[in-house]
Each structure stands twice: as C-alpha cells, then as structure tokens.
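All of the numbers you see were taken from the coordinates with simple rules; none came from a lab. What you see is a predicted model; the values in this text were computed from it and never measured. Cβ sites come from the backbone with ideal geometry, for glycine too, and all protein chains shown count toward neighbours.
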Amino acid sequence: MKFPYFKYHPNPLQTSSVSQSDRTCIRCNQARCFIYTGPVYAVDNLSERLCPWCIANGEAAHQFGATFSDPYSLLHHGIAKEIAIEVAERTPGYISWQQEEWLSHCNDACEFHGDATQEDVKNASIETKQQWFLDNNADEAFWQTVTECYMPQGSPAFYKFKCRHCQMILLGWDCA
Ligand SMILES: [Zn+2]
Ligand SMILES: [Zn+2]
C-alpha cells in the first residue's frame, strides 16, 4: 500500500516522525512496516502504536481522540480551523524540547521539514531571519547568540518549515 501523503509533513520518514518497524498498529491491527514515533496527545498511551495510514485517514484521531500537535499557534495566527485540525489530527507531529509550534505563512500552515541543518541556520535568508525576529520578538544580536553553536538535535533546536505558497523557509526554535 502506498505510503500516505501528508500535505504538511511531506517526508515523515526523513524527519524521524515515522520509523520502519514490525509493530502492529493498535487501530487497524496490521503490521505495515511503519510506525509513528512522534508525540501523541491522548488519554491512552499510543506512543509507537499507530501506523501512518491511520493518522492520514483520521481514524486514529477519531477512535482515540488523539492529536499529534497543538493547533493553538495556528489558530492564534488566524489560520482556518480546517487547516489547524488537519495538522493536529491527520498529520504526524514532531518531538521538540518543550512545546512544539506549527508555523504558518501566507494564511496556511507550513510544511514541516525536520531539524534545520547547520547550513539552513547559518545561511538563513534575510526574509527567514526577519520572520524569526518578528515571531520571537528578537534582534540580530540575539540571533547570533542562539545560532552560534547550533547543532541539529541539540539545544537550542531549530526546526525547518517551508511555506507551501511563497516557498519561504521559516525556522521554529526551542531549547531544553
Ligand atoms: Zn493503522
Ligand atoms: Zn508564504
């Protein structure tokens, strides 16, 4: 069966939100060679127990009331509710140090592309940096301080998002 397509998280294998596994999905009772390894917000412990197909078709969210990321930041930025729900309920989430935040641009949620590389951060465009200053109420000096020793998966962490419309790269960040 074809790997599901996630509009807002196009390559969850690459970002490590989905891994190859022989585990059985608790929703469809099938071992489909892939298991979701990102965060799950639900009453039941569903960690590493859902396949990406049951996330894509909304069945995991429907059966367990599960969400995979917090829609708050999208709604707070005026993104349409249907989009925020698609991200929260039918899109693999990602693990961050504290509270993950899904970035948006051009009135839409962005695509998540995992940890930013050192080059992504070092060579961030002026637009990307200006957006980051705006989102974090920060300036160039603060940017220099937090990016100086950046290592993917370290702290601070930088996450790469891409606008689906103007292709701009946005960086989310978090620290331990
Ligand atoms: Zn499943
Ligand atoms: Zn845009």
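Couple of notes before you dig in:
- Across the range 147-155, rounded Karplus estimates of 3J(HN,Hα) from the backbone phi angles (6.51 cos²θ - 1.76 cosθ + 1.60, θ = phi - 60°) give 9, 3, 10, 4, 10, x, 6, x, 10 Hz, Gly and Pro being marked x.
- Taking the Cα centre of the range 10-65 as reference, the dipole from Cβ charges on Lys and Arg (+1) and Asp and Glu (-1) amounts to some 60 debye.
- For PHE158, residues with placed amide H under 5 Å, excluding near neighbours: ALA116, GLN153
- The range 79-130 pair-distance distribution - Cα-Cα, 10 Å bins, rounded %: 19, 47, 29, 4
- Within the chain, the longest run free of exposed loop sites, counting chymotrypsin sites (Phe, Trp or Tyr not before Pro) that sit outside DSSP helix and strand states (H, G, I, E, B) and have at most 15 other Cβ atoms within 10 Å, spans 6-96.
- Karplus-derived 3J(HN,Hα) values for the range 16-32, using 6.51 cos²θ - 1.76 cosθ + 1.60 with θ = phi - 60°, are 6, 7, 10, 10, 6, 7, 9, 5, 8, 6, 5, 8, 9, 6, 10, 9, 10 Hz; glycine and proline are entered as x.
- Once the mean of 1/r is taken over each pair of separate Cα atoms and inverted, the range 105-176 shows a Kirkwood hydrodynamic radius of 12.3 Å.
- Taking amide H as placed 1.01 Å from N in the peptide plane, the amide H of PHE34 sits under 5 Å from that of SER21, each at least 5 places away or on another chain.
- About the centre of its Cα atoms, the chain shows a dipole size close to 640 debye [charges on the beta carbon of Lys, Arg (+1) and Asp, Glu (-1) only; nearest 20 debye].
- Estimated inter-spin distance, ILE126 and SER21, nm [label 7 Å along Cα→Cβ]: 4.6
- Convex hull volume of the C-alpha atoms in the chain, normalised per residue: 116 Å³.
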